[in-house]
Amino acid sequence: MPHLPPSATPAPTPDAATGLRLAFGGDYNPDQWDRDVWREDVRLMQRAGVNLVSLGIFSWSWIEPDQDRFDFSGLDEVIALLHEGGVAVDLATPSASPPPWFSEEYPEAQFTDHLGRRLGHGSRQGFCPSSPDYRRRTAVVAERLARRYGEHPAVVMWHVGNEIGGYNAHCHCPTSAEAFRRWLRERHGDLDGLNRAWGTAFWSQRYSDWSQVRIPGATPGRLNPAQQLDHYRFASDELLDCYRTERDILRRHAPGRPVTTNFMAGTFKWVDYCAWGPEVDLVTNDHYLVAADPEAHTGLAFTADLSRGIAGGRPWLLMEHSTSAVQWQPRNTAKRPGEMLRNSLAHIARGSDGACFFQWRQSDSGVEKWHSAMVPHGGESTRIWQEVVRLGAVLRRIGEVSGSTVAGEVALLWDYENWWALELGGRPSVDLGYAAEAEAWHREVWRQGVVCDVLPADVSADVLSRYRLILLPSHYLTTPGTVGALTAYVHGGGHLLVGPFSGLVDRDDRLHPGPYPGALRDLLGLTVDEFLPLREGATLTLDNGLTGRVWAEAVLPADPVGAAGTVVDARFSDGPAAGGPALLRRRAGAGLVRYAATRFEDSSLRALLAGALDEAGVGSTAPGAGDGVEAVRRTAEDGRSWLFVLNHTDDAAEVACRGVELLSNTTVTGRLTVAAGEVAVVRESRTSDVG
């Protein structure tokens, strides 16, 4: 079962029937099936080793078929069957998908798009998050569920909604507009404060009455970027308020049982999960591979490391992933044999205390009937089912890792507001994306066999001091708190690598005073005279052989070239900044800060980061890791450690380690061979000098 943070109750006792301490299971939707299937489901869960299911996520019309007419008989029966079978329940509130009667009774609560169109019923999340009617009715359902099942021994945790905001993050109805104005009054105080923050002197946008302030929607020209940023913040906060409303009801009637909701960290743009992390008792995340990407496992590592960062380094839980193909991508390719096991253990290696799926039994109707599941349409005769059973057995063997943690020596700072701000319109180049570049930096560290924590950008200097190297790719929106923490970190002896187009604006998208790069100018010891974006597809070269893309800058070191403290490591050989500095370094206190004035092609970025890692004294987690062989170490408070080795290549790989390989129960005396596509988990010897 998932390990819980100190603020929540201790993790439940391992289930007696399965012996599993890591959570294993998935979304269970018994209301899609006749009652005679339910007992068969429990039998199959026992066979597979399932110990946790998320129940009732989309069951609003099942338990409340008409307004205020509740029927819990089916849910009562299912929970009793699961409890009798030794399967614990993560009980959900069904607020993600209001039933048809809600849409008919409360038409003004329906979602309105940016063109002002009220959209109809027939999907999920078709509601306005600011609607008082929606919030009132979800509170009624949560209250009824909590009163009925709050102390049920089968219910070990609670699950609010599902992928909150996935389809309805930005509603443009009149209710949302009024809620936005209330939010702005609280943030800016009065209209003078709002006009200053939004820079409304430009284009004659100055507001003289609150009624004039609207949610940014369709306009003839570009929208005010500060207005857009505030709207994105407001929308994330409104969704968080929806979560809090239900969470507080559940806590009141089910004290001691953790409450969570499933994030989509790293893949969903419009919810600031860094701000949401402290609001949940256990961070949970959904992750689905991009089928078109042959190296999608590196994206998996990024989202897992971000989930761990949002959780403050504590264990988290993979709430959803797929056994094989999904149904919502343009081409839904199936996972190869062994890939599902490898994906699951990659998440666990990076801090998840379990592996859960959408969903338990594959639907035979509806939008997601072609989405894979733990029990496929073909049942027990299928390859997927056999791999599910194998995964359950593997989790039984490695259950001892539950509660242990992962700590890297490198951290990449991540910020949702930067994601929003950098990718607004009117920037120097549409190619200057935020998330793709952060993932590229993380991926190249991954290829070096190094674990890179992904941390919220507002972490303290004390947290940063735990790392040898901090990565800051294109941190456009930069606050005084971040600058202060980074400055203290570098002066204290840390190494910092900063990407281009960083340090430029404050939280209102207003330029920091003085020359570029604004808030980071003093720490970096340079100014940027001009930004020089490249034409589409163009590249440039540096005199050290590296290749840049997308971007160049005309950089001027604050100190004369060659002066103590400032060194130009490479210059542009061609392109719009030819002859000028492209890579610079500067000593600051006891530490080192480096700046890159371009973005790099993958192989060049790999070389840049390899040099930064080496200079900071960071080596691979285990000798032999890297180049498609992933090695991650989890460590318990008592000093025990486990090395996960995942071979993503088509050839056998060797990694240096000592201990007991748990899946084969063999002793490793120095070199571990991992077959192509396979995984090993080694309980390391206490005297091991590997790492």
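Label the stretch 420-567 by shape, choosing from rounded, prolate and oblate, from the square roots a ≥ b ≥ c of the eigenvalues of the Cα gyration tensor; if a/c is under 1.5 it is rounded, and otherwise prolate applies when a/b is larger than b/c, oblate when it is not. Before the final figure, lay out each step's value.
On the way: a/c = 1.20, a/b = 1.15, b/c = 1.05.
Cα axes put the stretch 420-567 in the rounded bin.
Which Cys residues of the chain have no other Cys beta carbon under 4.7 Å away?
So far as the 4.7 Å Cβ criterion goes, Cys173, Cys242, Cys274, Cys356, Cys452, Cys657 stand without a partner in the chain.
GluC sites (Glu not before Pro), restricted to the stretch 604-690: which are DSSP loop and have at most 13 other Cβ atoms within 10 Å?
On the way: sites: Glu615, Glu630, Glu637, Glu654, Glu661, Glu678, Glu684; in loops: Glu637, Glu678.
Taking the stretch 604-690 and a limit of 13 other Cβ atoms within 10 Å, the loop GluC sites (Glu not before Pro) found are Glu637.
Tell me, how many Å apart are the Cα centres for the stretch 340-402 and for the stretch 446-525?
Going from one Cα centre to the other spans 39 Å.
Quick check: with the 1.4 Å probe, what order do Trp198, Trp328 take by accessible area, largest first? Provide the component values of the computation, followed by the final result.
Numbers: Trp198 10, Trp328 135 Å².
If we order Trp198, Trp328 from most to least accessible, we get Trp328, Trp198.
Nearest 5 is fine: what % of DSSP beta bridges in the chain come out antiparallel, could you say?
Here the antiparallel bridges make up roughly 55 percent for the chain.
Quick one: 3J(HN,Hα) in Hz for the stretch 544-549, Karplus 6.51/-1.76/1.60 with θ = phi - 60°, rounded, Gly and Pro as x.
9, x, 6, 10, x, 8
Restricting to DSSP loop positions (anything but H, G, I, E, B) with no more than 14 other Cβ atoms inside 10 Å of their own Cβ, which trypsin sites (Lys or Arg not before Pro) remain in the stretch 72-143?
Working: sites: Arg117, Arg118, Arg124, Arg135, Arg136, Arg137; in loops: Arg117, Arg124.
Qualifying residues, ordered by number: Arg117.
From the Cα gyration tensor of the stretch 585-638, with a ≥ b ≥ c the square roots of its eigenvalues, which class applies: rounded if a/c is under 1.5, or else prolate if a/b is larger than b/c, or else oblate?
Values: a/c = 2.95, a/b = 1.36, b/c = 2.16.
Oblate is the answer for the stretch 585-638, as a/c is 1.5 or above yet b/c matches or exceeds a/b.
Would you calculate, for the chain, the mean residue ellipticity at 222 nm contributed by helices, counting each DSSP H stretch of 4 or more residues as -39,500 (n - 2.57) and dividing by all residues, to the nearest 500? Each step should come with its number before you reach the end.
Numbers: 18 runs with 205 residues, N = 691.
Helix contribution divided over all residues of the chain: -9000 deg cm²/dmol.
DSSP loop (so not H, G, I, E, B), at most 10 other Cβ within 10 Å: list which trypsin sites (Lys or Arg not before Pro) in the stretch 457-566 pass both filters. All intermediate terms of the calculation are to be shown ahead of the outcome.
On the way: sites: Arg466, Arg468, Arg507, Arg510, Arg521, Arg535, Arg549; in loops: Arg466, Arg468, Arg507, Arg510, Arg535.
Sparse-neighbourhood loop trypsin sites (Lys or Arg not before Pro): Arg535.
The values are calculated or read from the model by the stated rules, or taken from the named source; none is laboratory data. Since we're looking at a predicted model, the values are computed, not measured. Backbone-built Cβ (ideal geometry, glycine too); neighbour counts: all protein chains shown. Note: areas computed on protein heavy atoms with side chains; ligands, DNA, RNA excluded. Shrake-Rupley method; radii C 1.70, N 1.55, O 1.52, S 1.80 Å.
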